[in-house]
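Enquirer: I'd like to ask you about the structure that follows.
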Amino acid sequence: MIRVAFVAPSLNGGGAERAAVTVLNALDPGAYTKALYLFRREGPYLQDVSSGVELVAAAADDRVGRVRLLSAFLASWRPQIVVSFLSYFSVFVAMRLARSRARFVINQQTPLSAFLTDRDYAWRAPVRRQAFEAVARFVYPRASVVATSRGVGDDLVSRFGVGRDRLATIPNPAALEAIARAAAEPVELPGPAGAPVIATAGRLAEAKNWPLFVESLRRLRADQPFRAIVLGAGELEAEIRRRVADADLEAQVTLAGFQSNPWKYMARADVFALTSHYEGFGNVLIEAMACGAPVVATASPGTRDIVQPETNGLLVEAHEPGAVASALRRVLSDRAFRERLRLGARATAQAYDVPAIAASYDRFFRKLAATA
């Protein structure tokens, strides 16, 4: 039996936390003894943790306390593999304090270079960024890394000293059966009746480049009717509503907030749009494809791995309103093309089903355990 512990700050948030729970649940209990360690026992995915996973949470008020409690857990539980989903440096220090001989794995969801320039995070400040980069260049080469896309891995190799032999590219999983069930639920779509539907989803934050999305729709409206549904919540909601109003798009664009079932909207979309500055993977793209929605996405490390132009969607290299509007117009105005993309999207999603991704993790973990 391979003893594997996943570590995460909590089960709040999005892609990383959900991927941690999904992968750990799916690992064969006949081959793995599994633990999930949380710095805080909170978050919507707590209810999804399998009974076959030992769930451990030890709250502390500060970083030092969290590191000490995790160190004590590692010393007593003695995993062979420790996988960190976020809080990488704290986990690294805890393993050193515990004198753990486990293999340390970083699950990297975003391009680290892009993260360090993101306005949403404190590391963008020059002094903090320099400190973070210095620590990263020490820690990352001493870990094994699971990157969610080739671009994320390439960034770590070229900028942060990670060896290719320590790197595996494994995308996040999508629970296709559960998505299909949820997508079948009825929903009444807002906006002008009969107009084609553009859906998008994501945190209402700077990285998702909402100004580009809104301006693209303003240009599209000149010759293409539509109704757009924005699924998600975040700190920029008021600013986005202002931009929608300024663009005179309030009749066409609905900010629907956080939705526990976004897939019923995706399943009724004529196109799913994603205009992010960068994506390390793009979970919502796979989910939209699983629902049969063609996608239009701005090019970035994660989206390049998923979007096959002319097959399951369109990839927009220029992060500019005219280019995005043109791609959306092409999908919405050509029914035959749109239906061909739907078929390609559904076919693409199959490769990301939970069993396939769990099998990739299993192969990776067995290789690590053999050399632990």
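The values are calculated or read from the model by the stated rules, or taken from the named source; none is laboratory data. Model, not experiment: these values are computed from the prediction. Glycine also receives a Cβ, built like all others from the backbone with ideal geometry; neighbour counts cover every protein chain displayed.
Enquirer: Quick one: in the range 315-372, of everything that is outside the structural domain of SER100 (by TED's automatic domain parsing) and basic (Lys, Arg), which residue is farthest from SER100 (Cα to Cα)?
Expert: This residue is ARG335.
Enquirer: Go through (1) on the phi > 0 side of the Ramachandran plot; (2) surrounded by fewer than 20 Cβ atoms within 10 Å (Cβ to Cβ) for GLY232 and report which single condition fails.
Expert: Exception for GLY232: condition (2).
Enquirer: For residues in the range 14-33 being hydrophobic (A, V, I, L, M, F, W, C) and part of a helix (DSSP H, G or I), which is farthest from ARG366 (Cα to Cα)?
Expert: Step by step, filter the range 14-33, then rank; the result is ALA16.
Each row is one residue, and each column tells you yes or no for (1) surrounded by fewer than 20 Cβ atoms within 10 Å (Cβ to Cβ); (2) without any contact (Cβ under 8 Å) to a residue 12 or more places away in the chain; (3) within 16 Å of LEU212 (Cβ to Cβ); (4) not hydroxyl-bearing (Ser, Thr, Tyr).
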residue: PHE281; (1), (2), (3), (4): no, no, no, yes
residue: VAL296; (1), (2), (3), (4): no, no, yes, yes
residue: SER326; (1), (2), (3), (4): yes, yes, yes, no
residue: ARG335; (1), (2), (3), (4): yes, yes, no, yes
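Enquirer: Any chance you could count how many residues in the range 1-21 are among the acidic types (Asp, Glu) and more than 14 Å from the chain's Cα centre (by Cα)? Lay out the reasoning, then the answer.
Expert: Looking only at the range 1-21, we keep the residues that are among the acidic types (Asp, Glu), and these are 17.
Okay, now just the ones that are also more than 14 Å from the chain's Cα centre (by Cα), so none.
Here the count works out to 0.
Enquirer: Going by the structure shown, is LEU36 crowded, with 20+ Cβ neighbours inside 10 Å, in contact (Cβ under 8 Å) with a residue 12 or more places away in the chain and not in a strand (DSSP E or B)? Show your work before the answer.
Expert: Values: crowded, with 20+ Cβ neighbours inside 10 Å: yes; in contact (Cβ under 8 Å) with a residue 12 or more places away in the chain: yes; not in a strand (DSSP E or B): no.
So LEU36 does not fit the description; no.
Enquirer: Inside the range 311-324, can you point out the residues that are outside any helix (DSSP H, G or I), of a type outside the set (A, V, I, L, M) and over 17 Å from LYS208 (Cβ atoms)?
Expert: Answer for the range 311-324, where residues must be outside any helix (DSSP H, G or I), of a type outside the set (A, V, I, L, M) and over 17 Å from LYS208 (Cβ atoms): THR311, ASN312, GLY313, GLU317.
Enquirer: In addition: If we scan the range 134-144, do we find a residue that is polar (S, T, N, Q), in contact (Cβ under 8 Å) with a residue 40 or more places away in the chain, buried (at least 18 other Cβ atoms within 10 Å of the Cβ) and not assigned by TED's automatic domain parsing to the domain that holds ILE240? Show your work before the answer.
Expert: To start, the set of residues in the range 134-144 that are polar (S, T, N, Q) comprises 144.
From what is left, the residues that are in contact (Cβ under 8 Å) with a residue 40 or more places away in the chain are 144.
In the following step, the residues that additionally are buried (at least 18 other Cβ atoms within 10 Å of the Cβ) were identified as 144.
If we keep only those that are not assigned by TED's automatic domain parsing to the domain that holds ILE240 too, we end up with 144.
Yes, the range 134-144 contains at least one residue that is polar (S, T, N, Q), in contact (Cβ under 8 Å) with a residue 40 or more places away in the chain, buried (at least 18 other Cβ atoms within 10 Å of the Cβ) and not assigned by TED's automatic domain parsing to the domain that holds ILE240.
Enquirer: Return the only residue of ILE106, ILE81 being surrounded by 15 or more Cβ atoms within 10 Å (Cβ to Cβ) and either without any contact (Cβ under 8 Å) to a residue 60 or more places away in the chain or more than 28 Å from ALA31 (Cα to Cα) (or both). Before you say what the answer is, go through the steps one by one.
Expert: Values: ILE81 fails: either without any contact (Cβ under 8 Å) to a residue 60 or more places away in the chain or more than 28 Å from ALA31 (Cα to Cα) (or both).
Just a single option satisfies the conditions, and that option is ILE106.
Enquirer: So LEU315 clears everything in (1) more than 23 Å from HIS277 (Cβ to Cβ); (2) in contact with a strand residue (DSSP E or B) (Cβ under 8 Å, 6 or more places away or on another chain) except one condition, right? Which one?
Expert: (1)
Enquirer: Moving on. Looking at the structure I just gave you, is PRO186 touching a residue at least 12 places away in the same chain (Cβ under 8 Å) and over 27 Å from SER300 (Cα atoms)? Show your work before the answer.
Expert: Details: touching a residue at least 12 places away in the same chain (Cβ under 8 Å): yes; over 27 Å from SER300 (Cα atoms): yes.
Yes: the conditions hold for PRO186.
Enquirer: Those residues that are surrounded by fewer than 17 Cβ atoms within 10 Å (Cβ to Cβ) and not in a loop (DSSP other than H, G, I, E, B), I need them from the range 170-204; list them, please.
Expert: GLU177, ALA178, ALA180, ARG181
Enquirer: Would you check which residues across the range 69-87 are over 25 Å from the mean Cα position of the chain (by Cα) and either on the phi > 0 side of the Ramachandran plot or modelled with pLDDT under 95 (or both) and list them?
Expert: ARG78 - this is the single residue of the range 69-87 that is over 25 Å from the mean Cα position of the chain (by Cα) and either on the phi > 0 side of the Ramachandran plot or modelled with pLDDT under 95 (or both).
Enquirer: Would you mind stating whether GLU287 is under 20 Å from ALA174 (Cα atoms), modelled with pLDDT of 95 or more and among the acidic types (Asp, Glu)?
Expert: For GLU287, the condition - under 20 Å from ALA174 (Cα atoms), modelled with pLDDT of 95 or more and among the acidic types (Asp, Glu) - is met.
Enquirer: Among the residues of the range 59-68, what is the count of those that are surrounded by 13 or more Cβ atoms within 10 Å (Cβ to Cβ) and either at pLDDT 90 or above or of a type outside the set (A, V, I, L, M, F, W, C) (or both)?
Expert: As a first pass, look at the range 59-68 and keep what is surrounded by 13 or more Cβ atoms within 10 Å (Cβ to Cβ): 59-60, 63, 65-68.
Checking the rest, the ones that are also either at pLDDT 90 or above or of a type outside the set (A, V, I, L, M, F, W, C) (or both) come to 63, 65-68.
So the answer is 5.
Enquirer: Would a scan of the range 124-139 turn up a residue that is under 25 Å from ARG346 (Cβ atoms) and in contact with a Gly (Cβ under 8 Å, 6 or more places away or on another chain)? It would help to see each step written out before you state the result.
Expert: Start the filter on the range 124-139 by keeping residues that are under 25 Å from ARG346 (Cβ atoms), which leaves none.
Looking through the range 124-139, none of the residues is under 25 Å from ARG346 (Cβ atoms) and in contact with a Gly (Cβ under 8 Å, 6 or more places away or on another chain).
Enquirer: The conditions are (1) touching a residue at least 60 places away in the same chain (Cβ under 8 Å); (2) over 17 Å from LYS208 (Cβ atoms), and ARG330 fails exactly one of them. Which is it?
Expert: Tallying (1) touching a residue at least 60 places away in the same chain (Cβ under 8 Å); (2) over 17 Å from LYS208 (Cβ atoms), ARG330 fails exactly one: (1).
Enquirer: Any residue in the range 350-357 that is in contact (Cβ under 8 Å) with a residue 24 or more places away in the chain and closer than 25 Å to ARG219 by Cα?
Expert: no
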